[in-house]
Amino acid sequence: MLDRDQISPESVRPLRRSEYDRLVQWGVFGDEQLELLYGTIVAMSPIGTAHAESVRRLLRLFSSLIDRVEVQIQLPLAASHESEPQPDVSLVPRGDYLADHPSKALLVIEVADTSLKKDRLVKAPLYASAGIPEYWIVNLIDDVIEVHRSPSRGKYREVTRHGRGEVLRPLQFADLAVRVDDVLPPRK
């Protein structure tokens, strides 16, 4: 087994997104659920029932926007030359994405239970660095939605938490009221 502490960081070369995309096209990874984060291929967490239910609910809520944006569910986002995450939901500008995945998003949403640490510590800085103006984490563990706004220098300057009974309005779609209760699955 490779001991990463024995290798100097300058001798490690991250995988580029273009290289990763070619490997995907060639079928190298088969049916594995993977994403590219900072040049590293990362296995995606399996999706449980609560996670799946929240994604379905988000799709229903954002389907009213399909004449204004592309509503993507678990599809790649070309966040940088070394990152291609697959957020649970992303609202991207309408366009032709046959040649490449979208590189801009107006809103990205991750539904988190087992992935909460990764979504906060890895993906939040990634999305902020990509200039995504708004990032939501549907935090199934704490039963809240965390809203990240105002990206600057790889961080979101504004982070708020919203619980049941509250209403959110996406920055780019202020006409859309999103009730937290309509996103979170029912309590058991």
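The values are calculated or read from the model by the stated rules, or taken from the named source; none is laboratory data. In this text the structure is predicted, and so the values were computed from the model without any measurement. So basically every Cβ, Gly included, is an ideal-geometry build from the backbone, and we count neighbours across all protein chains shown.
Given the structure, is residue 90 surrounded by 15 or more Cβ atoms within 10 Å (Cβ to Cβ) and of a type in the set (Ser, Thr, Tyr)?
So residue 90 fits the description; yes.
May I ask you to verify whether residue 36 is aliphatic (A, V, I, L, M) and in a loop (DSSP other than H, G, I, E, B)?
It is false that residue 36 is aliphatic (A, V, I, L, M) and in a loop (DSSP other than H, G, I, E, B).
Please state which one of 31, 88 is of a type outside the set (Lys, Arg) and modelled with pLDDT of 95 or more.
88
Of the residues that sit in the stretch 149-188 and are assigned to a strand (DSSP E or B) and basic (Lys, Arg), which one is surrounded by the fewest Cβ atoms within 10 Å (Cβ to Cβ)?
Looking at the filtered set, the residue picked out is 157.
Yes/no per residue for (1) part of a loop (DSSP other than H, G, I, E, B); (2) hydroxyl-bearing (Ser, Thr, Tyr); (3) at positive phi:
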residue	(1), (2), (3)
23	no, no, no
27	yes, no, yes
42	no, no, no
50	no, no, no
60	no, no, no
63	no, yes, no
67	yes, no, no
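For residue 146, indicate whether it is over 19 Å from residue 53 (Cα atoms), of a type in the set (Asp, Glu), modelled with pLDDT of 95 or more and in a strand (DSSP E or B).
Values: over 19 Å from residue 53 (Cα atoms): no; of a type in the set (Asp, Glu): yes; modelled with pLDDT of 95 or more: yes; in a strand (DSSP E or B): yes.
For residue 146, the condition - over 19 Å from residue 53 (Cα atoms), of a type in the set (Asp, Glu), modelled with pLDDT of 95 or more and in a strand (DSSP E or B) - is not met.
From the residues in the stretch 1-21 that are among the charged types (D, E, K, R) and part of a loop (DSSP other than H, G, I, E, B), which one is surrounded by the most Cβ atoms within 10 Å (Cβ to Cβ)?
Checking each candidate, the answer is 16.
Exactly one condition in (1) in contact with a helix residue (DSSP H, G or I) (Cβ under 6 Å, 6 or more places away or on another chain); (2) surrounded by fewer than 17 Cβ atoms within 10 Å (Cβ to Cβ) is not met by residue 134; state its number.
(2)
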